[in-house]
1. Which residue pairs have Cβ atoms closer than 7 Å, lie 6 or more positions apart in sequence or on different chains, and pair a first residue in the stretch 142-170 that is within 22 Å of Pro295 (Cα to Cα) and without any contact (Cβ under 8 Å) to a residue 60 or more places away in the chain with a second residue that is of a type outside the set (A, V, I, L, M, F, W, C) and within 11 Å of the ligand (Cβ to nearest atom)?
2. Determine whether the stretch 107-120 contains at least one residue that is within 16 Å of the ligand (Cβ to nearest atom), aliphatic (A, V, I, L, M) and free of Cβ contacts under 8 Å to residues at least 60 places away in the same chain.
3. What about Tyr175, is it among the aromatic types (Phe, Trp, Tyr), surrounded by fewer than 21 Cβ atoms within 10 Å (Cβ to Cβ) and at pLDDT 95 or above?
4. Quick one: which residue in Ser246, Ser267, Ser283 is within 26 Å of His165 (Cβ to Cβ) and not charged (D, E, K, R)?
5. Report whether or not Ala137 is assigned to a strand (DSSP E or B) and in contact (Cβ under 8 Å) with a residue 24 or more places away in the chain.
6. Are any residues in the stretch 146-158 assigned to a helix (DSSP H, G or I), within 12 Å of Leu101 (Cβ to Cβ) and more than 15 Å from the ligand (Cβ to nearest atom), and if so, which ones?
7. Looking only at the stretch 201-216, decide whether some residue is within 14 Å of the ligand (Cβ to nearest atom), over 19 Å from Thr266 (Cα atoms), crowded, with 24+ Cβ neighbours inside 10 Å and not small (Gly, Ala, Ser).
8. Filtering the stretch 174-200 down to residues that are among the small types (Gly, Ala, Ser) and more than 16 Å from Gly114 (Cα to Cα), which residue is farthest from the ligand (Cβ to nearest atom)?
Amino acid sequence: MKKKIISLSLAIAMSFLVVACQKKDDAQTSTPQTTTDDSTEVNEDTTTEDEEPDKPIESTISEDKRYHTARINGVDYSLTVDLKKCDGNTSLEQIETLESLFWQVYPKLYERFGYYSSAPTDIELLIENEDYEIACAWENKVHIHDMWLHDNPEDFDCYTHELAHLTQNGWYEDYLEYDNYIETFADYCRYLYAYNNGEFNDHVWTLQTVDEEDSRETSVRFLVWLDNELSTPDHDFMYDYYVACSDATHKKDEWDKVWTSLFKGTSMEGKTIDEVWDIYAKSDFAHLSTETKEPGQSELLKKYDVRKYVLHK
Ligand SMILES: [Zn+2]
């Protein structure tokens, strides 16, 4: 399925924070699957002497507020689902799936990326009938329109995209090679961290080929390739990329130096970013289909285990 991308203009402008809206996917017709409950994936085996033991998810539920807390790998998280402006178009089952997605996805994003820049750990999810089309995120809040999952019942991973924005915790566009790196990083996270290994995501949203996204400014797949090609158990390339974007030390026209530094110690050391792009563009990775009926079964995923960092960690 080809996706149709429509950029959204934002009603909310905040100069120093990431404000990010969703790209629009084609409307979906499938029925969402049964959700998992809140008892998932609290790792109790990582306690050290200095660390408080992990705590399973505890929930307090009322009509318009659902509050959850847990400690995972020594980090205290809370999720508040605010339903005050929800008109009930998002079903309870869909809300429970969003909550389950949060506990599966956000701690992993936080541990790998968000911890570095003190991203929030007390997160609010507001499901509302307001003046935006799909979803947006800033500070510690994700807003999802009450009609979005009603009309697109498999697009839960729009939440994954927005949670990735929260881990960015304010990237300055002046210090990114392209403003769009804010969005390509969130979509890279969406693809890698997609709920239940893409159970929903891979039906409704996927990576474009190099023919469709033909530059590093727009390509999400290029980031997935860089991660797969250059990250090793001892060297997390995408963490270094995240740090470079977060630190805001180089202006747009100085990013050649950033790329040179990022490639140091990798198999691409000594190459320019344009040379690395050319290697990517000629690879089969840049062209293999990501379309699939079953999660993990696309041509790309059958050949390249790009979600290995997420799934096997
Ligand atoms: Zn976004």
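1. The qualifying pairs are Asp157/Arg190; Thr160/Arg190; Ala164/Arg190.
2. First, pick out the residues of the stretch 107-120 that are within 16 Å of the ligand (Cβ to nearest atom): 109, 113-114, 119.
Imposing the further condition that a residue be aliphatic (A, V, I, L, M) reduces the set to 109, 119.
Narrowing the set further to residues that are free of Cβ contacts under 8 Å to residues at least 60 places away in the same chain leaves 119.
Yes - at least one qualifying residue is present in the stretch 107-120.
3. Working: among the aromatic types (Phe, Trp, Tyr): yes; surrounded by fewer than 21 Cβ atoms within 10 Å (Cβ to Cβ): yes; at pLDDT 95 or above: yes.
Criteria met by Tyr175.
4. Values: Ser267 fails: within 26 Å of His165 (Cβ to Cβ); Ser283 fails: within 26 Å of His165 (Cβ to Cβ).
The unique qualifying residue is Ser246.
5. Values: assigned to a strand (DSSP E or B): yes; in contact (Cβ under 8 Å) with a residue 24 or more places away in the chain: yes.
Spelling it out, Ala137 is indeed assigned to a strand (DSSP E or B) and in contact (Cβ under 8 Å) with a residue 24 or more places away in the chain.
6. Initial filter on the stretch 146-158 (assigned to a helix (DSSP H, G or I)): 148-151, 158.
Now narrow it down to the ones that are within 12 Å of Leu101 (Cβ to Cβ): 149, 158.
Leu149, the sole residue that qualifies.
7. So in the stretch 201-216, the residues within 14 Å of the ligand (Cβ to nearest atom) come out as 205.
Retained after the next criterion (residues that are over 19 Å from Thr266 (Cα atoms)): 205.
After this cut, where a residue has to be crowded, with 24+ Cβ neighbours inside 10 Å as well, the list is 205.
This time we only want the ones that are not small (Gly, Ala, Ser), so: 205.
Yes; the residues of the stretch 201-216 include at least one that is within 14 Å of the ligand (Cβ to nearest atom), over 19 Å from Thr266 (Cα atoms), crowded, with 24+ Cβ neighbours inside 10 Å and not small (Gly, Ala, Ser).
8. Just the residues of the stretch 174-200 that are among the small types (Gly, Ala, Ser), to begin with: 186, 194, 198.
Narrowing further to those that are more than 16 Å from Gly114 (Cα to Cα): 194, 198.
Values: Ala194: 15, Gly198: 19 Å.
Among them, the one singled out is Gly198.
The values are calculated or read from the model by the stated rules, or taken from the named source; none is laboratory data. For clarity, every value in this text was computed on a predicted model and none was experimentally measured. For neighbour counting, all protein chains shown are included, and Cβ atoms are generated from backbone atoms with ideal geometry for every residue, glycine included.
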